[in-house]
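S.K.: Here you go, one structure.
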Amino acid sequence: MSRLLRENLSGAEADVCTFSCTLSEQEAVFFFDVRDDELVSPFRTDNEDIWKGDAVEVFLSPDGSKERYFEAEVSPYGVRFWGEVTFAGGEKRLKKLPPPFTAAVRRTARGYTAELHVPPSALAGFDGARALFNAFCIDTRLDGAQRLYALSPTRCATFHRPEAFIPIGNIKEELS
C-alpha cells in the first residue's frame with residue numbers, strides 16, 4: 001500500500017508523489033513515485049545542496065529523538081545527500097556525512113521513481129518502537145519556485161519540524 005504526499009503548507013491532498021516503505025533487519029527501503037514534467041536538478045555530486053532542486057527526502061530519528069535525526073535525499077538523477085541534523089539551543093545544525101545508502105532512480109513517462117535503501121549500520125540505535133520519520137518531495141519549477149509535499153505536513157515553509165514526525169512502526173504496518 002502506498003500513500004499520497006500532501007501539500008506541505010495546507011495539508012491538502014495532492015496527486016504529485018506517492019510513497020511507500022518497507023523495514024526489515026537487512027534494510028529500510030523508501031520508495032517514491034513522482035509526477036514531474038520539469039525536472040530541475042543541476043547537481044552531479046553527492047552531498048551537494050540538492051534540496052535546491054527536485055528531490056525526495058526522508059528524515060529519520062532512529063531512537064525517537066526530536067533533537068537529532070538523519071536526512072536522506074536523492075535527486076531525479078541519482079545524486080544522494082546524507083546529513084545529521086541536530087538542534088541545540090533552538091538552532092538547527094547540519095553535518096554532511098558520506099551517504100551510507102544506495103539509491104535507484106528511474107525516469108518514467110510521468111516523472112521519476114526513487115528507491116532509497118538504508119542499511120541498519122546507518123541507523124545506529126534504531127528502536128522500532130520509538131523511531132520517528134517523515135517523507136518529503138520537493139518539486140522545483142523552471143522559474144525557481146518550489147512546491148513542497150510531505151507525508152505528515154509541517155504546515156510551514158520548511159520540512160525541519162520534528163514535531164511533525166510520525167512513528168515509523170505505525171506507518172510501516174499501514175504501508176506494508
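The values are calculated or read from the model by the stated rules, or taken from the named source; none is laboratory data. Owing to the predicted nature of the structure, the values given are computational and were not obtained by experimental measurement. Cβ atoms come from the backbone with ideal geometry, glycine included; neighbour counts cover every protein chain shown.
S.K.: Determine, yes or no, whether TYR149 is crowded, with 19+ Cβ neighbours inside 10 Å, part of a strand (DSSP E or B) and over 14 Å from the mean Cα position of the chain (by Cα).
M.R.: The answer is no for TYR149.
S.K.: Considering every residue within segment 143-156, establish whether at least one is in contact with a Ser or Thr (Cβ under 7 Å, 6 or more places away or on another chain) and either at pLDDT below 95 or of a type in the set (A, V, I, L, M, F, W, C) (or both).
M.R.: Checked segment 143-156: no residue is in contact with a Ser or Thr (Cβ under 7 Å, 6 or more places away or on another chain) and either at pLDDT below 95 or of a type in the set (A, V, I, L, M, F, W, C) (or both).
S.K.: Name the one entry in GLU27, GLU13 that is closer than 16 Å to HIS117 by Cβ, more than 15 Å from the chain's Cα centre (by Cα) and not polar (S, T, N, Q).
M.R.: GLU27
S.K.: Looking at PHE136, PHE70, PHE59, PHE87 in this structure, which one is surrounded by fewer than 17 Cβ atoms within 10 Å (Cβ to Cβ), among the aromatic types (Phe, Trp, Tyr) and under 18 Å from PHE165 (Cβ atoms)?
M.R.: Among PHE136, PHE70, PHE59, PHE87, only PHE87 is surrounded by fewer than 17 Cβ atoms within 10 Å (Cβ to Cβ), among the aromatic types (Phe, Trp, Tyr) and under 18 Å from PHE165 (Cβ atoms).
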